[in-house]
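So the structure is just underneath, and the comments pick up after that.
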Amino acid sequence: MKQKIEVDGLNAWFKNNHALKNVSLTVPENSVLAIIGPSGCGKSTFVRCINRMHELVPGARQSGKVLVDGQDLHAKRMDPVDLRRRVGMVFQRANPFPTMSIFDNVVAGLKLNGVHGDFPALVENSLRQAALWDEVKDRLRHSALSLSGGQQQRLCIARALAVEPEVLLMDEPASALDPIATARIEELIRELRESFTIVIVTHNMQQAARVSDATAFFYMGELIEHGATEQIFTNPRESRTEDYVTGKFG
Amino acid sequence: MTSLRTRKVINYFMSALCGLALTIALVPLVSLLWLVVSRGVAGLSWTFFTATPAPVGESGGGVGNSIAGTLYIVGLGCAIGVPLGVGAGVYLAERGDSRLGDAIRFTAEVLSGVPSIVVGIVAYGLVVLPMRRFSALAGGVALAVLMVPTLARSTEELVRLVPVSLREASLALGVPQWRTSLRVVLRTALGGIMTAILLSVARASGETAPLLFTSLNNQYWNWRPDQPTASLTVQIFNYAVSPYQEWHDKAWSAALVLLLLVGSLSLAGRLLSRRRFR
């Protein structure tokens, strides 16, 4: 199977804090990788290295190789702006643009980049993909803030999908949502897997088990174990992984 | 532990003390308003708002050209000061954590403490002397210099209030930094910035000192930026220092007009800002 993301010897720092230590792993195309681990273990930092959002934090550094489609993200020719159009991201807390309507939020990636025009088909398509269309189709011109928290998060997913990325990074996308909204997002991830490569950070181990093909366990900035989700949860090689997935710590 | 009764008494006493302080603070404000309204309202008429000043001894006349001149000069001041002030504020918020940022912030602080008459002299030296004439433009420059520091600082504060998550949302969509600053961050802070602009306009409209030897005064209508231009504040000053009683009356009426103008601008600013938080 083709490898979509290849990470080799990735280190990341915040000033003097060594947040990621020599992480190497690969993600095959059209698969879901779940990243689990206790708070502060470097999960978010890891995904933020894949779209180069990490370097935006003052004092942040990184070393090592990250390849998307075999292209080195830190090659001189790689423009972070261009990269982020190929690698979309959904954040922990829904962050729709408050000054824009639902419609404009979906096409924000195009409009903010100066692409003019009306994109009704794109909006409908993205909202359908994010399983939000039926709930908002009659009020596309309303403020994005008129939606509930779960709807806002699906709107953010639609917004990320509208720029047609190849990879979707999700940083605890359901951690602020109720169980019903969470179930919808999980269902959505399983559908999106058909056309995207997904990396999802989660605190919720059941969620990782439900939605992912492979799971990586991070602890204190190190990748402890990486393997098929089933294997990680039923037959982990490392004792620390076993302790974490069985709830002994974390 | 004091008893409930004692605490209630202390509470009552303190509340009364605060109320008293408020009343005392309100006395000058209310008496000022009362004085201006009571002395000025008699002189208000349609012609007062539309006519040019009458010569000494003639009745009638008004301050129409001064009202227009004030708006004109403040407009020029905004045209120069708002882009500079808002731009500097955005820079300070986005890139201000540097030596240059600190230097700009310090300069703005010093500048906002400079007496307005000094700003007038600077505008006199910068604009009036090279042009060899008093002009609306010179007045506009002086007001702009007064507006920029406060505008820059309040814009900075407002831009910093925009959550990082919005900035990240935009960047993660592949929007370049500068477009993110302009179209997401500035757009989100715009309501507050409009309020800040209105309030600084209200402040600038009430300035006399920087206009005395920049835009000077004019007895006629003027729309040319390179000519002396009347303003309400300078007109009030001239009327007030004159020896004629009827001109004193006109000064009161013009003061009332100015008060209404500044008051409605401030009110508009407050209403705008209140709507933002709803």
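Restricting B:ARG187, B:ARG224, B:ARG203 to residues that are part of a loop (DSSP other than H, G, I, E, B) and either touching a Ser or Thr at 6+ places or on another chain (Cβ under 8 Å) or under 30 Å from B:VAL119 (Cβ atoms) (or both) narrows the list to B:ARG224.
If you go through the stretch A:161-184, how many residues are surrounded by 23 or more Cβ atoms within 10 Å (Cβ to Cβ) and more than 14 Å from chain B (Cβ to nearest Cβ)? Counting residues in the stretch A:161-184 that are surrounded by 23 or more Cβ atoms within 10 Å (Cβ to Cβ) and more than 14 Å from chain B (Cβ to nearest Cβ) gives 1.
Kindly provide the set of residues from the stretch B:36-62 that are among the polar types (S, T, N, Q) and either buried (at least 16 other Cβ atoms within 10 Å of the Cβ) or under 15 Å from B:ILE236 (Cα atoms) (or both), ordered by number. The one that is among the polar types (S, T, N, Q) and either buried (at least 16 other Cβ atoms within 10 Å of the Cβ) or under 15 Å from B:ILE236 (Cα atoms) (or both): B:THR52.
For the condition touching a residue at least 12 places away in the same chain (Cβ under 8 Å), surrounded by fewer than 21 Cβ atoms within 10 Å (Cβ to Cβ) and under 22 Å from B:GLY120 (Cβ atoms), B:ASN218 does not qualify. Would a scan of the stretch A:136-148 turn up a residue that is in a helix (DSSP H, G or I) and crowded, with 16+ Cβ neighbours inside 10 Å? Looking through the stretch A:136-148, at least one residue is in a helix (DSSP H, G or I) and crowded, with 16+ Cβ neighbours inside 10 Å.
Selection of first residues in the stretch A:53-69 that are at pLDDT 90 or above and of second residues that are assigned to a helix (DSSP H, G or I) and of a type in the set (Lys, Arg), restricted to Cβ pairs under 6 Å at least 6 apart or on distinct chains, gives the following pairs, ordered by first then second residue: A:HIS54/A:ARG48. Remark: A:SER101 falls outside the filter, which requires a residue to be farther than 30 Å from A:SER148 by Cα, more than 17 Å from the chain's Cα centre (by Cα) and either surrounded by 19 or more Cβ atoms within 10 Å (Cβ to Cβ) or not basic (Lys, Arg) (or both).
Could you check the stretch A:153-250 for strands (runs of 3 or more DSSP E) lying wholly inside it with 2 or more residues that are among the hydroxyl-bearing types (Ser, Thr, Tyr) and over 30 Å from A:LEU110 (Cα atoms)?
Qualifying strands (runs of 3 or more DSSP E): A:214-219.
Of all residues in the stretch A:109-134 being of a type outside the set (A, V, I, L, M, F, W, C) and not in a helix (DSSP H, G or I), which is surrounded by the fewest Cβ atoms within 10 Å (Cβ to Cβ)?
So in the stretch A:109-134, the residues of a type outside the set (A, V, I, L, M, F, W, C) come out as A:109, A:111, A:113-114, A:116-118, A:120, A:124-126, A:128-129, A:134.
With the extra rule that they be not in a helix (DSSP H, G or I), the set shrinks to A:113-114, A:116-118.
Numbers: A:ASN113: 17, A:GLY114: 10, A:HIS116: 6, A:GLY117: 8, A:ASP118: 9.
Only one residue tops the list, namely A:HIS116.
Out of the stretch B:50-91, which residues are without any contact (Cβ under 8 Å) to a residue 24 or more places away in the chain, closer than 21 Å to B:ASN217 by Cβ and of a type in the set (Ser, Thr, Tyr)? Residue satisfying the conditions is B:THR50 alone. Every test in (1) more than 26 Å from B:ALA152 (Cβ to Cβ); (2) within 14 Å of chain A (Cβ to nearest Cβ); (3) under 18 Å from the mean Cα position of the chain (by Cα) is passed by B:ILE236 save one, and that test is (2). Residues in the stretch A:13-30 that are over 26 Å from A:ASP243 (Cα atoms) and not charged (D, E, K, R) were compared, and the one that is modelled with the lowest pLDDT is A:ASN16.
All conditions in (1) crowded, with 21+ Cβ neighbours inside 10 Å; (2) at pLDDT below 90 hold for B:TRP178, with the sole exception of (1). In the stretch B:182-201, the residue that is farthest from the other protein chains (Cβ to nearest Cβ) out of those that are surrounded by 20 or more Cβ atoms within 10 Å (Cβ to Cβ) and small (Gly, Ala, Ser) is B:SER200. Listed conditions (1) polar (S, T, N, Q); (2) touching a residue at least 12 places away in the same chain (Cβ under 8 Å); (3) touching a helix residue (DSSP H, G or I) at 6+ places or on another chain (Cβ under 7 Å) are all met by A:GLN92, apart from (3). Helices (runs of 4 or more DSSP H) fully within the stretch B:33-131 that include at least 2 residues being farther than 16 Å from B:ALA144 by Cβ: B:46-50, B:64-95, B:99-112. Of all residues in the stretch B:139-167, which are within 8 Å of chain A (Cβ to nearest Cβ), surrounded by fewer than 19 Cβ atoms within 10 Å (Cβ to Cβ) and assigned to a helix (DSSP H, G or I)? Residue satisfying the conditions is B:SER165 alone.
Cβ-Cβ contacts under 7 Å between residues 6 or more apart (or on different chains), taken from a first residue in the stretch A:147-160 that is away from every other protein chain (no Cβ under 14 Å) and within 10 Å of A:LEU177 (Cα to Cα) to a second residue that is of a type in the set (S, T, N, Q) and surrounded by fewer than 21 Cβ atoms within 10 Å (Cβ to Cβ), are absent.
When the residues of the stretch B:168-178 are filtered to those that are assigned to a helix (DSSP H, G or I) and facing chain A (nearest Cβ under 9 Å), the one that is farthest from A:LEU168 (Cα to Cα) is B:GLN177.
The values are calculated or read from the model by the stated rules, or taken from the named source; none is laboratory data. Quick caveat, the model's predicted, so the values are computed rather than measured. Neighbour counts are summed over all protein chains in view; Cβ atoms, including those assigned to glycine, are modelled from backbone coordinates with ideal geometry.
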